Amino acid sequence: QVQLEEFGGGLVQAGGSLRLSCSASGASGNVARMGWYRQSPGKQKELVAWFGDGGTPLYKDSVKGRFTISRDNAKNTIYLEINSLKSEDTGVYLCAATYYGSNYWGKGTLVTVSS
């Protein structure tokens, strides 16, 4: 069983920046397939940043240029840096991972952007 725990959410002013982190525990090796979803009020959950084949960072078109996903393999931790925050970035950010064919989710961390 892999457990995912997110950190770093909070209340931020529009235009500000935030760094989220997600740590994976319980895995015997590197958890390669990890990414970030966002659940905004009244909207469906959407994949915003993830690692593709070979570890290539990939992004939803609408966040390109403002979101940066990175990882520390030694710690089985991924990060999401969000710059130039907008009100539409408000939501719960959930970490997701696939490990040996099973999907895992964190509980999420709330990001609230005030205008």
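For the options Ser40, Ser70, Ser62, a Gaussian network treatment of the chain with springs between C-alpha atoms closer than 10 Å singles out Ser62 as fluctuating the most.
Residues in the stretch 60-69 carry Karplus couplings, in order, of 5, 3, 5, 10, 4, x, 10, 9, 9, 9 Hz; the curve used is 6.51 cos²θ - 1.76 cosθ + 1.60 with θ = phi - 60°, and Gly or Pro positions show x.
When you count the other C-beta atoms within 10 angstrom of each residue and take the mean per peptide, 71-79, 49-57 line up highest first as 71-79, 49-57.
At R0 = 35 Å, how high is the FRET efficiency between Ala27 and Asp61 if r is their beta carbon distance? Nearest 0.05 is fine. The formula returns an efficiency of 0.70 here. Rounded to the nearest 20, the Cβ-based charge dipole of the stretch 1-93 about its Cα centre (Lys and Arg +1, Asp and Glu -1) stands at 100 debye. Asn83 sits among other residues whose Cβ lies under 13 Å from its own Cβ, and their net charge, with Lys and Arg +1 and Asp and Glu -1, is +2. Got the relative contact order for the chain handy, in percent, Cα pairs under 8 Å and 6 or more residues apart? Over the chain, the number comes to 37 percent.
Which of the lysines could a cross-linker span from Lys75 if the Cα-Cα distance has to be under 20 Å and same-chain partners fewer than 8 positions apart are dropped? The reachable lysines, counting only those whose Cα sits under 20 Å from Lys75, are Lys107. A protection proxy built from the mean count of other Cβ atoms within 10 Å ranks the segments 90-103, 10-23, most packed first, as 90-103, 10-23.
Here, each number is a calculation from the coordinates, and none is a lab measurement. No experiment lies behind these values; they were computed from the predicted model shown. Don't worry about glycine lacking a Cβ; one is built from the backbone with ideal geometry, like all the others, and counts go over all protein chains shown.
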